[in-house]
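The values are calculated or read from the model by the stated rules, or taken from the named source; none is laboratory data. Being a predicted model, the structure only gives us computed values, none of them experimental. Here the Cβ is made from the backbone with ideal geometry for all residues, glycine too, and neighbour counts use every protein chain on show. Each accessible area value is taken on the protein alone, full model and side chains, heavy atoms only, with ligands, DNA and RNA left out. Shrake-Rupley method; radii C 1.70, N 1.55, O 1.52, S 1.80 Å.
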Amino acid sequence: ETGVTQTPRHLVMGMTNKKSLKCEQHLGHNAMYWYKQSAKKPLELMFVYSLEERVENNSVPSRFSPECPNSSHLFLHLHTLQPEDSALYLCASSQTNKGHEEAFFGQGTRLTVV
Amino acid sequence: AQKITQTQPGMFVQEKEAVTLDCTYDTSDQSYGLFWYKQPSSGEMIFLIYQGSYDEQNATEGRYSLNFQKARKSANLVISASQLGDSAMYFCAMMISGYSTLTFGKGTMLLVSP
């Protein structure tokens, strides 16, 4: 088992669909993150959860809704997305969210909105 | 605000040669950490090396070393003896101590040829 697992790996959805991205970490970490990676742009932090509590929401539109039911799982619920939301969505985890510990990333979900 | 600048969109190197990937950063904080990640075509972000702002020695991890010049605010990644498997995107990132945000640069695409 890899440390951080994301499903699905690829997703194509229409603008009226509702879908969810899933992230699971097996590293015993207590902080989890969602990042968005668009073409030719730096990775953008979307959400941070520490001990299952959202500690950061980086001005993300409400059509993205995160959920962290426990310290091992993180979801990103998607609804009424726009074509510009097409990107690679990366989940990461770290031991804490207040230090210099490296973040471990999943392989990402490649999302295409049509 | 923190900023990471990677000025090389792409780099080419021959197998077994050394290559330096540039990274400069901007922050007014005194305590921070600098990271390098590798992203192969599979999408996963792989942690390579870390340098703390108060570390006096340059970090090294196997074939990777970080040339940290604090006064110049640069944290260049040096890969010695390049291998074909090193072909990937490389991202420089920074985290301010006490905060959860990892700020990334736009990345450098490294291509290693036989």
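Could you do me a favour and compute the accessible area per residue for chain A, 1.4 Å probe, result in Å²?
Numbers: 5390 Å² over 114 residues.
About 47 Å² of surface per residue is accessible.
Which of A:Cys68, A:Cys23, A:Cys91 moves most in a GNM of chain A, Cα contacts under 10 Å?
Highest fluctuation among the options: A:Cys68.
Per residue of B:39-47, what is the mean number of Cβ atoms on other protein chains within 10 angstrom of that residue's Cβ?
6
Mind grabbing the base-10 log of I(q)/I(0) for the protein assembly as shown at q = 0.17 Å⁻¹? Debye formula, identical points on the C-alpha positions, no solvent, two decimal places.
So the normalised log intensities are -1.24.
Considering only Cα-Cα distances, which of the following residue pairs are longer than 21 Å: A:Lys18/A:Lys40; B:Lys3/B:Lys73; A:Lys22/B:Lys3; A:Lys19/B:Lys3; A:Lys19/A:Lys40? Numbers along the way, then the final one.
Numbers: A:Lys18/A:Lys40 27 Å; B:Lys3/B:Lys73 11 Å; A:Lys22/B:Lys3 30 Å; A:Lys19/B:Lys3 33 Å; A:Lys19/A:Lys40 25 Å.
From the list (A:Lys18/A:Lys40; B:Lys3/B:Lys73; A:Lys22/B:Lys3; A:Lys19/B:Lys3; A:Lys19/A:Lys40), the Cα-Cα distance tops 21 Å for A:Lys18/A:Lys40; A:Lys22/B:Lys3; A:Lys19/B:Lys3; A:Lys19/A:Lys40.
Could you list the chymotrypsin sites (Phe, Trp or Tyr not before Pro) in the range B:26-114 that lie in coil according to DSSP, counting only those with at most 11 other Cβ atoms within 10 Å of their Cβ? Before the final figure, lay out the partial values.
On the way: sites: B:Tyr32, B:Phe35, B:Trp36, B:Tyr37, B:Phe47, B:Tyr50, B:Tyr54, B:Tyr64, B:Phe68, B:Tyr90, B:Phe91, B:Tyr99, B:Phe104; in loops: B:Tyr54, B:Tyr99.
For chymotrypsin sites (Phe, Trp or Tyr not before Pro) across the range B:26-114 that sit outside H, G, I, E and B with at most 11 neighbouring Cβ atoms in 10 Å, the list reads B:Tyr54.
If you place +1 on the Cβ of every Lys and Arg and -1 on the Cβ of every Asp and Glu, how big does the dipole about the Cα centre of chain B come out, in debye to the nearest 20?
180
Say the dipole of the range A:36-114 comes from +1 at the beta carbon of Lys and Arg and -1 at that of Asp and Glu; which of A:Phe75, A:Tyr49, A:Pro61 then lies farthest toward its positive end?
It is A:Pro61, whose Cα lies furthest towards the positive end.
Taking H as built 1.01 Å from N, whose amide H comes closer than 5 Å to the amide H of A:Met46, not counting residues under 5 places away?
HN-HN under 5 Å from A:Met46: A:Trp34, A:Tyr35, A:Lys36.
How many percent of all Cα-Cα pairs in chain A sit more than 18 Å apart?
Everything past 18 Å amounts to 45 percent.
Taking the alpha carbon gyration tensor of chain B, what are the square roots of 5 times its eigenvalues, largest first, to the nearest whole Å?
Numbers: eigenvalues 113, 42, 28 Å².
They are 24, 15, 12 Å, listed from largest to smallest.
Using a 1.4 Å probe on protein heavy atoms only, how many Å² of accessible area do B and A hide from each other, summed over both chains and rounded to 100?
That pair hides around 1800 Å² of surface in total.
Please work through the protein assembly as shown and write down the cysteines that have no neighbouring cysteine Cβ at a distance under 4.7 Å.
That list is A:Cys68.
Mind listing, in residue-number order, the residues in the range A:33-47 that have at least 20 Å² less accessible area with every protein chain present than in their own chain alone (1.4 Å probe)?
By number: A:Tyr33, A:Tyr35, A:Gln37, A:Lys40, A:Pro42, A:Leu43, A:Leu45.
State to the nearest 20 debye the size of the charge dipole of the protein assembly as shown about its Cα centre, where the only charges are +1 on K and R beta carbons and -1 on D and E beta carbons.
Details: 19 positive and 21 negative charges, 125 e Å.
With Lys and Arg at +1 and Asp and Glu at -1, about 600 debye.
In the range B:1-107, carbon and sulfur make up what percent of the accessible area (probe 1.4 Å)?
Exposed carbon and sulfur together represent 47 percent of the surface.
Explain nothing, just compute: Karplus ³J(HN,Hα) = 6.51 cos²θ - 1.76 cosθ + 1.60, θ = phi - 60°, for every residue of the range B:86-95 in order, whole Hz, x for Gly and Pro.
7, 4, 4, 8, 10, 10, 9, 9, 9, 10
As a test question: what accessible area, to the nearest 10 Å², does A:Lys22 have when a 1.4 Å probe is rolled over all protein chains in place?
70
Quick one: if you stick a label point 7 Å off each Cα along the C-beta vector at A:Ser62 and B:Asn67, how many nm between them?
Placing both labels 7 Å beyond Cα along the Cβ direction yields 5.1 nm.
Roughly how big is chain A's charge dipole about its Cα centre, with Cβ charges of +1 (Lys, Arg) and -1 (Asp, Glu), in debye to the nearest 20?
440
Using a 1.4 angstrom probe, figure out how much accessible area the range B:1-103 has per residue, in square angstrom, rounded to the nearest whole.
48
Can you tally the net charge around B:Phe104? Count Lys and Arg as +1, Asp and Glu as -1, for every other residue whose Cβ sits under 12 Å from the Cβ of B:Phe104.
Around B:Phe104, the charge tally is +3.
I'd like to know which of A:Ala39, B:Phe35, B:Leu111 lies farthest towards the positive end of the charge dipole of the protein assembly as shown, counting +1 on Cβ of Lys and Arg and -1 on Cβ of Asp and Glu.
Checked the options; the winner is A:Ala39.
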